[in-house]
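A short write-up of the structure that comes next.
The values are calculated or read from the model by the stated rules, or taken from the named source; none is laboratory data. Keep in mind that this is a model prediction, so the values were computed, not measured. Please note: Cβ atoms are built from the backbone with ideal geometry, for glycine as well, and neighbour counts cover all protein chains shown. Remember, those area values only see protein heavy atoms, side chains included, never the ligands or the DNA or RNA. Shrake-Rupley method; radii C 1.70, N 1.55, O 1.52, S 1.80 Å.
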Amino acid sequence: SHIMSEYARMTDTERDQIDQDAQIFMRTCADSIHQLRTEAHKGVQSAQVKEHRTAVLDFIEDYLKRVCKLYSEQRAIRVKRVIDKKRL
């Protein structure tokens, strides 16, 4: 109930800005992970350290993908609501 009242107070412009900021943030995170991945093995001699870094980066990348999927699902709900309102 409280969440819905807060949702109703937000303007479409505010929602659009949040969507734009979220997309920029997710793109920045993906770029940072890619950059870390290319630099992770420079100067490292140990195979164990390389494996560890690869596993950590895989985990972070997977987490980002799950967050992006959740964001996309929530945005799809919002778009559907807007379309439904226009139909009425």
Worksheet item: Using a Gaussian network model of the chain with C-alpha springs under 10 Å, which one of Thr28, Thr13, Thr54 is most mobile by mean-square fluctuation?
Response: Thr13
Response to the item:
Expressed per residue, the solvent accessible area of the chain in Å² (1.4 Å probe) is about 86
Fill in: Solvent-accessible surface (1.4 angstrom probe) belonging to Met26, in square angstrom, nearest 10
30
Practice prompt. Using only the alpha carbons, work out the radius of gyration and Dmax of the chain in angstrom.
Written response: 19.1, 65
Worksheet entry | DSSP-assigned coil residues among trypsin sites (Lys or Arg not before Pro) in the chain, each with at most 14 further Cβ atoms within 10 Å | Lys42
Fill in: Leu64 - accessible surface, heavy atoms, 1.4 Å probe, Å² rounded to 10
30
Practice prompt. With a 1.4 Å probe and every protein chain kept in, tell me what percent of the accessible surface of the chain is carbon plus sulfur.
Written response: 59
Worksheet item: With springs only between Cα atoms under 10 Å, which of Ser46, Ser72, Ser32 fluctuates most in a Gaussian network model of the chain?
Response: Ser46
Item to complete: Round to the nearest 10 and report in Å² the accessible area of Tyr63, as given by a 1.4 Å probe over the protein chains' heavy atoms.
Response: 130
